[in-house]
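Some notes on the structure that comes next.
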Amino acid sequence: GLLDAGFCVTGTWPMRTERAGRTRDIGSNALASSIVLVARPRPTSAPLATRKEFLAALKRELPKALKHLQHGSIAPVDLAQAAIGPGMAVFSRYSRVVEADGSRMPVRTALGLINQVLDEGLAEQESGFDADTRWALAWFEQHGVNEGPYGDAETLSKAKDTSVDALARDGLLEAKRGKVRLLRRDELPVDWNPAAASRLTVWELTQHLIRRLETGGESAAADLLRQVGSLGDVARDLAYRLYNLCERKGWAQEATAYNGLVTAWPELTRLASQAAPSGTGQGDLFEGGR
């Protein structure tokens with residue numbers, strides 16, 4: 001309707017309009033935000049674009065918008081909805097987008113491409129994860145927390161520049177009787193100390209943050225976040241990636257856990273900053289070792 005009326009999207013304002021803990025929110029991934037689109041009349045001189053040109057512009061601009069949304073800690077359940085704004089901003093700036101056969105691209109097709117580029121953008125963020133985390137993410141996508149063949153785990157570990165033995169020593173997995181599986185959060189050590197970890201991984205940190213949030217509340221999770229400093233932001237990025245993966249797989253319970261961590265993030269960072277001792281930077285502990 002906006003496009004037919006001659007408007008183009010120029011801004012996106014995700015607004016957290018739903019109260020946390022409402023009945024609809026309990027045990028679900030109900031949307032927590034309303035996405036306000038800002039529109040202006042499209043210039044009469046707006047150019048025409050081909051499908052290839054539209055897709056290239058999406059791949060150039062949407063990843064930047066994605067990072068901006070993540071830094072605002074928008075809930076993962078709302079991310080795909082929020083990404084429609086910057087995606088449609090690209091689509092609607094053209095007088096029309098044409099397919100290879102010269103027909104006009106419908107909005108439904110444009111939305112499909114926006115979601116495709118969003119998935120690609122989340123996947124590209126894996127380059128910022130450590131090798132063990134990249135292995136765990138790939139293994140989780142294939143097997144969840146169920147067992148898989150040791151040979152497959154070893155082949156994947158070589159591709160990710162790590163090893164099954166190192167992953168087991170670091171407490172990410174259990175390997176026995178020719179089978180490998182990721183440890184569940186309830187199997188992780190309660191007294192885990194990131195400063196004592198031989199190799200601190202983003203995967204492990206993310207799982208411990210969720211466990212502390214679920215068992216000890218926001219103050220417990222914030223205390224851990226304070227200890228790891230800027231590495232926490234990478235854990236938040238992983239939570240977005242894992243939510244997206246779980247949603248596609250239909251793993252609702254796991255998706256809810258990752259959505260809950262990001263939703264709580266603004267409060268966690270506030271509590272962590274209040275608890276930080278003045279004049280010290282606990283987060284610097286890991287700056288040089290990664």
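The values are calculated or read from the model by the stated rules, or taken from the named source; none is laboratory data. Keep in mind that what you see is a predicted model, and the values were worked out from it rather than measured. In this analysis, Cβ positions are derived from the backbone assuming ideal geometry, glycine residues included, and neighbour counts consider all displayed protein chains. Areas reflect the complete protein model, heavy atoms only, side chains present, ligands, DNA and RNA absent. Shrake-Rupley method; radii C 1.70, N 1.55, O 1.52, S 1.80 Å.
Among all positions in region 32-51, there is at least one residue which is open to solvent by 70 Å² or more (accessible area, probe 1.4 Å) and assigned to a helix (DSSP H, G or I).
Yes/no per residue for (1) closer than 23 Å to R241 by Cβ; (2) touching a Lys or Arg at 6+ places or on another chain (Cβ under 8 Å); (3) free of Cβ contacts under 8 Å to residues at least 40 places away in the same chain:
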| site | (1), (2), (3) |
| --- | --- |
| G144 | yes, yes, no |
| S157 | yes, no, yes |
| L167 | yes, no, yes |
| K176 | no, no, yes |
| L182 | yes, no, no |
| E187 | yes, no, yes |
| W192 | yes, no, yes |
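Under the condition of being open to solvent by less than 30 Å² (accessible area, probe 1.4 Å) and charged (D, E, K, R), the residues counted in region 74-104 number 1.
Mind checking whether some residue in region 166-177 is at pLDDT below 95, out of contact with any Leu (no Cβ under 6 Å at 6 or more places or on another chain), assigned to a helix (DSSP H, G or I) and open to solvent by 20 Å² or more (accessible area, probe 1.4 Å)? Yes, some residue in region 166-177 is at pLDDT below 95, out of contact with any Leu (no Cβ under 6 Å at 6 or more places or on another chain), assigned to a helix (DSSP H, G or I) and open to solvent by 20 Å² or more (accessible area, probe 1.4 Å).
Cβ-Cβ distances below 9 Å connect the following pairs, each with a first residue in region 202-213 that is closer than 11 Å to V262 by Cα, a second residue that is among the hydroxyl-bearing types (S, T, Y), and a separation of six or more residues or different chains: T206/T133; T206/Y258; I210/Y258.
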